[in-house]
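The values are calculated or read from the model by the stated rules, or taken from the named source; none is laboratory data. Everything quoted here is computed from the prediction, not taken from an experiment. Virtual Cβ from ideal backbone geometry, glycine too; neighbours counted across all protein chains shown.
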Amino acid sequence: MRAAVCLRAGDPEVIEVRHIPRPAIKDGWSVIEVKGFGLNRSELMTRQGHSPNVVFPRVLGIECVGVIAESATLPVGAKVAAIMGEMGREFDGGYAEYALLPDSLLMPVRTDLDWETFAALPETYLTTQGSLDVLGIAAGGRLLVRGGTSSVGMAALSMAKGHGVETAATTRREDKSKALRAGGADHVVLDHGDDLAEQVRGIWPDGPDYILDLVGAPTTVDSLHLVRAGGTVCVSGMLSGSWAIPSFEPVAMIPSGTKLTAYHSDDFKGAAGASALQRILDEVAAGTYQPNIDRVFRLDDIVEAHRYMEANQATGKVIAVP
């Protein structure tokens, strides 16, 4: 079979598409014929060498969709998705024609969506669902998404719109404003780094009720002071590439009553996310949510896909198909 193998830490060119043996079934694991997979920032970080437990060479990919090729627990041909659970880190992931995955990660689903649309949804929309759940969004609320043109940002706009929430999204590029509005943003804020608070207060004088911060550590403290008094900030991404807030002082940096939380994608892996993913697929099929596909690559073009992702060119989800 063909697989995109990351040979060592480095630039996109360290990934090579090679012919390797198709994995064999083993107890508690099933072989999936991969029909598509989304690309994620965590794979970029792993490729760059920021995942210390990863041993190279490794087939990357923290998610995939496809059909059962061999299994002792699920029928051959059943449609499934899988995310997280150390895919592409402790064991080979979805960047391949076939993947050997733990049965505990598999989410059987029913859908007539095409494979490209299906591939754009699992990690992105389950992360979004979990993030909005911990934020506690409700109809009539006001949500600011920082990092709005990311795949999770676009999904959050679409999902929040479906829940009757007023939305605003940040971007550093004016040419992406149209796509954000089409994706569900009621307001678009150009983040120049110095007047964001002024712009947001011009929309909502008291501040948003919720902030989904996908930029991560460098903007978290700013978000805590931007959300309304008593509002909630959820950090679910690290588009900045930074993991930690230097010299974080909670008492000094978190305004009284304001809430800071986070969402971890592993919370919706396997059986925990199966029913939520089915609902998401149904909502996309009904036109309530948008898949927000930015670009589709072939497996053979995975190096170009990583360059594209690393250059922050996408507005929405980047996917690949074998």
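Points worth noting:
- Tallying residues that are within 12 Å of ARG89 (Cα to Cα) and surrounded by fewer than 18 Cβ atoms within 10 Å (Cβ to Cβ) within the range 55-79 yields 3.
Condition check ((1) free of Cβ contacts under 8 Å to residues at least 12 places away in the same chain; (2) aliphatic (A, V, I, L, M); (3) in a loop (DSSP other than H, G, I, E, B)) across all residues:
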{"position": "ARG201", "(1), (2), (3)": "yes, no, no"}
{"position": "THR219", "(1), (2), (3)": "no, no, no"}
{"position": "ASP222", "(1), (2), (3)": "no, no, no"}
{"position": "VAL233", "(1), (2), (3)": "no, yes, no"}
{"position": "MET238", "(1), (2), (3)": "no, yes, yes"}
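- In the range 88-186, counting only helices (runs of 4 or more DSSP H) that sit wholly within it, the ones holding 3 or more residues that are buried (at least 24 other Cβ atoms within 10 Å of the Cβ) span 122-135, 151-162.
- Taking the criterion of being in contact with a Pro (Cβ under 8 Å, 6 or more places away or on another chain) and among the basic types (Lys, Arg), the only residue of the range 188-233 that qualifies is ARG228.
- Being in contact with a His (Cβ under 7 Å, 6 or more places away or on another chain) and in contact (Cβ under 8 Å) with a residue 40 or more places away in the chain holds for only one residue in ALA99, ALA168, ALA119, and it is ALA168.
- There is at least one residue in the range 241-248 that is surrounded by fewer than 19 Cβ atoms within 10 Å (Cβ to Cβ), more than 30 Å from ASP103 (Cβ to Cβ), modelled with pLDDT of 85 or more and among the aromatic types (Phe, Trp, Tyr).
- Between PRO52, PRO75, PRO12, the distinction of being out of contact with any helix residue (DSSP H, G or I) (no Cβ under 6 Å at 6 or more places or on another chain), within 24 Å of SER265 (Cβ to Cβ) and either assigned by TED's automatic domain parsing to the domain that holds GLU304 or not small (Gly, Ala, Ser) (or both) belongs to PRO52 only.
- Residue that is farthest from GLY136 (Cα to Cα), among those in the range 231-260 that are out of contact with any strand residue (DSSP E or B) (no Cβ under 8 Å at 6 or more places or on another chain) and among the small types (Gly, Ala, Ser): SER247
- Checklist (1) surrounded by fewer than 16 Cβ atoms within 10 Å (Cβ to Cβ); (2) in contact with a Pro (Cβ under 9 Å, 6 or more places away or on another chain); (3) on the phi < 0 side of the Ramachandran plot; (4) not aromatic (Phe, Trp, Tyr) applied to GLY28, failing item: (3)
- Yes/no for VAL54 being touching a Lys or Arg at 6+ places or on another chain (Cβ under 6 Å) and closer than 27 Å to ASN312 by Cα: yes
- ALA252 vs. criteria aliphatic (A, V, I, L, M), outside any loop (DSSP other than H, G, I, E, B) and loosely packed, with under 15 Cβ neighbours inside 10 Å: yes
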